[in-house]
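Notes to accompany the following structure.
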Amino acid sequence: MRQAWMIKTQGKPLETVIKLMTHLWDHLDLSHMLLPLKDPGDNSWHTEEISDPNQLTRANPFTPLMVENISQKIPEFQKAHPDETIAVLLRPCEVKALTKIEERVGLNRDHLVVISADCLGTYPPDEFVWRADRKGSHESLTDESVKFSKVGGISQYRYRSACQLCKNPIANQGDLNINIAGLPVRHKIMVSTYNGINQKVNLASFTDGTIPVDNLTLHDQVSEKMIYRNEQTRVRLSQALIENTELDIENLVDQLNQCNDCQICMDVCPMCNVFGFSREKDGTLSRETVANWIVECVGCGMCEQSCSKHKPLAAIFSVVHDQLIELSH
């Protein structure tokens with residue numbers, strides 16, 4: 001059952017979220033956390049494992065940049081700390097991947113805390129750097145993106161294709177979810193919890209009470225608007241791809257095999273890495289392997305982001321994924 005709480009931000013949403021995560025760390029007695037952090041030296045972003053909550057000042061769950069799908073690192077992260085309470089900070093698509101990984105390899109969620117945040121969209125890395133330079137800093141670009149959270153974000157057509165096609169950009173599957181869609185983040189954010197975690201961390205003492213009904217309703221309405229917008233984009237792209245390329249699973253297998261030995265898209269895919277999808281001994285990809293891969297696809301878009309041939313893999317995979325799911329019913 002979802003429980004939703006309000007936190008007043010006093011014009012400082014990021015500082016408020018960092019304080020929330022620090023509060024969570026202290027009350028759950030976390031030993032480590034895995035999350036994207038900004039390098040203070042070169043301003044690049046990397047996935048890091050930290051054991052000191054003071055390092056959380058380098059985090060920003062609202063940064064419109066996704067450097068990798070962190071979910072694939074969680075099994076090893078958990079193995080390294082088997083009897084400790086640990087946490088991860090994930091985008092909704094990464095939580096979806098984690099759920100699939102949990103089903104396949106049997107992760108123990110008893111000592112794993114999943115924190116997730118609404119994703120308004122992310123830029124391709126080169127576009128992110130260019131826009132951040134124009135704005136003066138990564139923080140300024142992030143502030144601009146978050147400023148429009150009340151209407152579900154901006155610059156949708158400039159975001160990565162995967163973000164434009166995302167089926168669920170809203171954080172609603174974590175143990176603790178940081179919600180900003182539909183909310184005036186300079187005044188308040190929403191924290192929704194599951195599995196009774198609010199009692200473990202005493203959110204009543206940290207928050208400003210339960211979220212007002214009108215704010216909760218607005219959040220849900222804007223969330224539905226974002227999902228509908230993305231659905232319409234998927235429909236348009238699907239029609240174009242099917243009409244122009246007769247796209248289906250056989251066509252996709254042929255396209256992937258034309259890439260010869262390149263498998264960068266597989267190397268960055270959490271499903272391939274955890275489930276072991278790979279090429280045959282002769283270097284080709286079988287129809288069965290590709291079909292299994294695409295069925296498990298969570299739409300994070302890391303394949304397209306890394307493709308050296310700049311193929312629209314996010315859209316292609318989305319179309320074939322829906323075709324395969326429909327055939328299975």
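The values are calculated or read from the model by the stated rules, or taken from the named source; none is laboratory data. Keep in mind that what you see is a predicted model, and the values were worked out from it rather than measured. Glycine gets a Cβ as well: all are built from the backbone with ideal geometry, and neighbour counts include every protein chain shown.
State all residues of segment 126-140 that are closer than 14 Å to residue 66 by Cα and either in contact with an Asp or Glu (Cβ under 8 Å, 6 or more places away or on another chain) or surrounded by fewer than 16 Cβ atoms within 10 Å (Cβ to Cβ) (or both); if no residue qualifies, say none. Step through it out loud before you land on a result.
Kept after step one, since they are closer than 14 Å to residue 66 by Cα, are these residues of segment 126-140: 126-129, 138.
Matches in segment 126-140: 126 only.
For the structure I just gave you, tell me whether residue 220 is within 26 Å of residue 301 (Cβ to Cβ), assigned by TED's automatic domain parsing to the domain that holds residue 28 and touching a helix residue (DSSP H, G or I) at 6+ places or on another chain (Cβ under 7 Å).
Working: within 26 Å of residue 301 (Cβ to Cβ): yes; assigned by TED's automatic domain parsing to the domain that holds residue 28: yes; touching a helix residue (DSSP H, G or I) at 6+ places or on another chain (Cβ under 7 Å): no.
The answer is no for residue 220.
Of the residues that make up segment 187-208, is at least one assigned to a loop (DSSP other than H, G, I, E, B) and under 25 Å from residue 124 (Cα atoms)?
From segment 187-208, those assigned to a loop (DSSP other than H, G, I, E, B) are 187, 194-196, 202, 207-208; that's our starting set.
Pick out the ones that are also under 25 Å from residue 124 (Cα atoms) and you get none.
The answer is no, given that none of the residues of segment 187-208 is assigned to a loop (DSSP other than H, G, I, E, B) and under 25 Å from residue 124 (Cα atoms).
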| Wholly enclosed helices (runs of 4 or more DSSP H) of segment 83-182 bearing at least 3 residues of a type in the set (Asp, Glu) and in contact with a helix residue (DSSP H, G or I) (Cβ under 9 Å, 6 or more places away or on another chain) | 138-147
| Flag for residue 221 being more than 28 Å from residue 324 (Cβ to Cβ) and without any contact (Cβ under 8 Å) to a residue 24 or more places away in the chain | no
| note | Over segment 286-315, the set of residues free of Cβ contacts under 8 Å to residues at least 24 places away in the same chain and of a type in the set (Asp, Glu) is 288
| said: With the requirement that a residue be among the charged types (D, E, K, R), within 20 Å of the chain's Cα centre (by Cα) and farther than 21 Å from residue 130 by Cα, what does segment 34-71 give you? | reply: 48, 49
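Could you tell me whether segment 275-284 includes any residue that is outside any helix (DSSP H, G or I) and acidic (Asp, Glu)? Reasoning before the result, please.
Applying the first criterion (outside any helix (DSSP H, G or I)) to segment 275-284 yields 276-284.
Filter once more, keeping what is acidic (Asp, Glu): 280, 282.
Yes, segment 275-284 has at least one match.
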| When segment 253-266 is examined, which residues are found to be within 14 Å of residue 290 (Cα to Cα) and not in a loop (DSSP other than H, G, I, E, B)? | 253, 254, 255, 256, 257, 265, 266
